[in-house]
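One structure below.
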Amino acid sequence: MKKIMVVDDEPDFLKIIKLNLEETGNYEVMTLSTAKNIIPQVHSFKPDVILLDMRMPSIGGLDACEMLNNDAMGEGIPIIIVSALDKEQDKYMAYKKGVTNYLVKPIESKDLIAAIENCLKYK
Amino acid sequence: MKKTNFINKITVEQLEKLGVKYKKTGKRLKGKKLKGCNVQLQNILTVIHEGVTLSDEAGHFYVYNLGMRKLTGYSVEEANACPDFISLLYPDPKDRHMALQGIEELLERGINRESEVVITTKAGQLKNVYISSSLIPDKNHNLFLSVYQDITKHKQAEGALQKAYTKLKEMQAQLIQIEKMEAIGRLASGVAHEVKNPLGIILQGVNYLERKVSPEEKDTFEIVQMIKSNIKRANNIVSALLEFSRAGELSFKAEDINSVLESSLGLVRHRINPPEIEIVKELASDLPRVLIDNNKIEQVFINALLNAVEAMPKGGKLFIRSYMIKSNNLRRGAVRGDGDRFKLMEKAVVVQIEDTGSGISKDNLEKIFDPFFTTKGPKGGVGLGLAIIKNIIDMHKGVIDIESKTGKGTKVSVILKVA
């Protein structure tokens, strides 16, 4: 079973994403409402893919990417941005930080799963 | 200038009626004194800047001062020799009618009359003249005393002022519109982002429910699908709002407009179904490059092409034209107040997309660029397409013009600046 870490400040989103992913029977999901302690959580959970929101209080998605890039374990984990921001500039900045994919909310569950599977394929 | 006999055959009584006070003693002046008085009057009339005439009903001038000669270019001899001096002075039937009407009114009512007319001078120059006329009734023949004031310069100044005022009003309206659009853009951007987040949650929730409902539970299944399609609809609205708010983010480059047109056409070709729709291309080959954001202008053309195709469900002709003009040939239908974007005689490139479809009613044409105005119903569109297009063209300092006749078709003209 693959491990997925979801970081988003919307508790409802975390809840429904966890339900949808876990119901497939293929994933174990850990949710975080802030990226504040992302590094120790990554160390303990050891995710295969991280889903990151862009706009979050205190530490945003791009900062979280930076933190992961600077961490020996974190730098190799594929990151998928799942955000309501759909500006080209936001996408460009995220890809520059090394994210694997950028998905814009609202997103269908099947599309999210396909994106996760893609990441896992090339991991 | 040769001295003219201003006073000719005029009676002392008529002079008295003019109010000239030369009869201090109560006795009528004769001989030298009368002649002296005439000279005095002549001197006064000569120095008066305005044209002063005293004429009878037959159009004979008894008084015709230097000011009148300067104003019209005609001497008193020329004026009196002309059988129809009024027609000479007022070749325009409207002005002539006004002059004759003034004489009639004076005769009928005897009241002073003031009017503004345009006269044509001997040199063919048009002059605006303010005429003040009064009737001097007499037993034998009525006389008309008229004072002509040249108000051409005033009129020109008034015209220039009016033009400047109109321009100022247009610019003010334009500024208000730009500010309004910017405010809407900022608001839209914020709202759109905030709406997309809950939509994301709802869609994931619906995806969850979808799996729980079997297609056999027809009503529940249908409702879930209905929610899903409405999430997409709401998302389209906010996406359009975001796009609208971003019309100003442009990257300009000198581009060949025909290539942009061809690539736009390529992108919508699958929606054009020949032979029902015949594409007629009339693209000028020697056009200068235009300074545009390729993607945004492509978006404008795609929008216009799709609208044209949608307007011809039973087929028709789709004209795609490009040509160069000089800006004094601009014609604006649906868009007002964009006239100042091109200097007089400035070269500009025009792209025209014309269909022979259903056309747009006059009422709708006036509202066509208003955000959220749509005739396509809730499932057809958000009503931001043309508002975005207008915004894009505004940002290019270009002009978009839509002409349409119900049942005949629609012509969209986009006028762009040369690089």
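Being among the small types (Gly, Ala, Ser) and within 14 Å of another protein chain (Cβ to nearest Cβ) is the filter; apply it to the stretch B:183-226 and report the residue that is nearest to A:Leu21 (Cα to Cα).
Checking each candidate, the answer is B:Gly205.
If I filter the stretch A:19-62 down to residues being under 18 Å from A:Pro78 (Cβ atoms) and among the charged types (D, E, K, R), which single residue comes out as nearest to the other protein chains (Cβ to nearest Cβ)?
So the residue we want is A:Asp53.
Evaluate the stretch B:66-74: report whether one residue or more is assigned by TED's automatic domain parsing to the domain that holds B:Leu54, modelled with pLDDT under 90 and within 24 Å of B:Ile44 (Cβ to Cβ).
no
From (1) within 14 Å of chain B (Cβ to nearest Cβ); (2) more than 23 Å from B:Asn207 (Cβ to Cβ); (3) not in a helix (DSSP H, G or I), pick out the condition that doesn't hold for A:Pro106.
It fails just one condition, (2).
A:Tyr95 versus (1) without any contact (Cβ under 8 Å) to a residue 24 or more places away in the chain; (2) among the hydroxyl-bearing types (Ser, Thr, Tyr); (3) within 13 Å of chain B (Cβ to nearest Cβ): which is the lone unmet condition?
(3)
Has the stretch B:265-282 got at least one residue that is buried (at least 17 other Cβ atoms within 10 Å of the Cβ), of a type in the set (D, E, K, R) and either free of Cβ contacts under 8 Å to residues at least 60 places away in the same chain or within 14 Å of chain A (Cβ to nearest Cβ) (or both)? I'd like the intermediate steps shown before the answer.
Kept after step one, since they are buried (at least 17 other Cβ atoms within 10 Å of the Cβ), are these residues of the stretch B:265-282: B:265, B:272, B:277.
From what's left, of a type in the set (D, E, K, R): none.
The answer is no; no qualifying residue exists.
Going through A:Glu108, A:Glu66, A:Glu88, A:Glu10 one at a time, which residue ends up being under 29 Å from B:Leu250 (Cβ atoms) and either among the charged types (D, E, K, R) or without any contact (Cβ under 8 Å) to a residue 12 or more places away in the chain (or both)?
None of the other options fit; the residue is A:Glu88.
Which numbered condition in (1) away from chain B (no Cβ under 14 Å); (2) surrounded by 21 or more Cβ atoms within 10 Å (Cβ to Cβ); (3) in a loop (DSSP other than H, G, I, E, B) is the only one that A:Cys65 fails?
(3)
For B:Lys155, work out the one condition from (1) surrounded by 13 or more Cβ atoms within 10 Å (Cβ to Cβ); (2) free of Cβ contacts under 8 Å to residues at least 12 places away in the same chain; (3) not assigned by TED's automatic domain parsing to the domain that holds B:Val39 it doesn't fulfil.
So the condition that B:Lys155 fails would be (2).
Could you tell me which residue of the stretch B:237-257 is farthest from B:Phe301 (Cα to Cα), considering only residues that are at pLDDT below 85 and away from every other protein chain (no Cβ under 11 Å)?
B:Ile237
Does the stretch B:42-54 include one or more residues that are modelled with pLDDT of 90 or more, buried (at least 20 other Cβ atoms within 10 Å of the Cβ) and touching an Asp or Glu at 6+ places or on another chain (Cβ under 7 Å)?
There is no residue in the stretch B:42-54 that is modelled with pLDDT of 90 or more, buried (at least 20 other Cβ atoms within 10 Å of the Cβ) and touching an Asp or Glu at 6+ places or on another chain (Cβ under 7 Å).
A:Asp111: closer than 29 Å to B:Lys228 by Cα, surrounded by fewer than 18 Cβ atoms within 10 Å (Cβ to Cβ), touching a strand residue (DSSP E or B) at 6+ places or on another chain (Cβ under 9 Å) and within 14 Å of chain B (Cβ to nearest Cβ), yes or no?
On the way: closer than 29 Å to B:Lys228 by Cα: yes; surrounded by fewer than 18 Cβ atoms within 10 Å (Cβ to Cβ): yes; touching a strand residue (DSSP E or B) at 6+ places or on another chain (Cβ under 9 Å): yes; within 14 Å of chain B (Cβ to nearest Cβ): yes.
Criteria met by A:Asp111.
Going through the stretch B:161-199 one residue at a time, which ones are in contact with a helix residue (DSSP H, G or I) (Cβ under 6 Å, 6 or more places away or on another chain) and either of a type in the set (Gly, Ala, Ser) or surrounded by fewer than 16 Cβ atoms within 10 Å (Cβ to Cβ) (or both)?
The answer is B:Gly185, B:Ala188, B:Ser189, B:Ala192.
Look at the stretch B:258-279 and say how many of its residues are modelled with pLDDT under 85 and of a type in the set (A, V, I, L, M).
Counting residues in the stretch B:258-279 that are modelled with pLDDT under 85 and of a type in the set (A, V, I, L, M) gives 1.
Name the one entry in A:Glu88, A:Glu75 that is surrounded by fewer than 20 Cβ atoms within 10 Å (Cβ to Cβ) and more than 14 Å from every other protein chain (Cβ to nearest Cβ). Spell out how you get there, then give the answer.
Details: A:Glu88 fails: more than 14 Å from every other protein chain (Cβ to nearest Cβ).
Matching residue, one of A:Glu88, A:Glu75: A:Glu75.
Identify the single condition in (1) in contact with a helix residue (DSSP H, G or I) (Cβ under 6 Å, 6 or more places away or on another chain); (2) in a loop (DSSP other than H, G, I, E, B); (3) not hydroxyl-bearing (Ser, Thr, Tyr) that A:Arg55 does not satisfy, given that it satisfies every other one.
Among (1) in contact with a helix residue (DSSP H, G or I) (Cβ under 6 Å, 6 or more places away or on another chain); (2) in a loop (DSSP other than H, G, I, E, B); (3) not hydroxyl-bearing (Ser, Thr, Tyr), the lone unmet condition for A:Arg55 is (1).
Of everything in the stretch B:84-142, what is crowded, with 17+ Cβ neighbours inside 10 Å and modelled with pLDDT under 85? Give them in sequence order.
Hits for the stretch B:84-142 are B:Asp95, B:Ala99, B:Gly102, B:Ile103, B:Leu106, B:Arg113, B:Ile136.
Would you pick out the residues in the stretch A:71-103 that are part of a loop (DSSP other than H, G, I, E, B) and under 21 Å from A:Ser44 (Cα atoms)? Walk me through it before giving the result.
First pass over the stretch A:71-103, keeping only residues part of a loop (DSSP other than H, G, I, E, B): A:71-73, A:77-78, A:84-87, A:97-100.
Within the stretch A:71-103, A:Asp71, A:Ala72, A:Met73, A:Ile77, A:Pro78 meet the criteria.
The values are calculated or read from the model by the stated rules, or taken from the named source; none is laboratory data. What you see is a predicted model; the values in this text were computed from it and never measured. Counting neighbours? That spans all protein chains shown, and the Cβs are built from the backbone with ideal geometry, glycine included.
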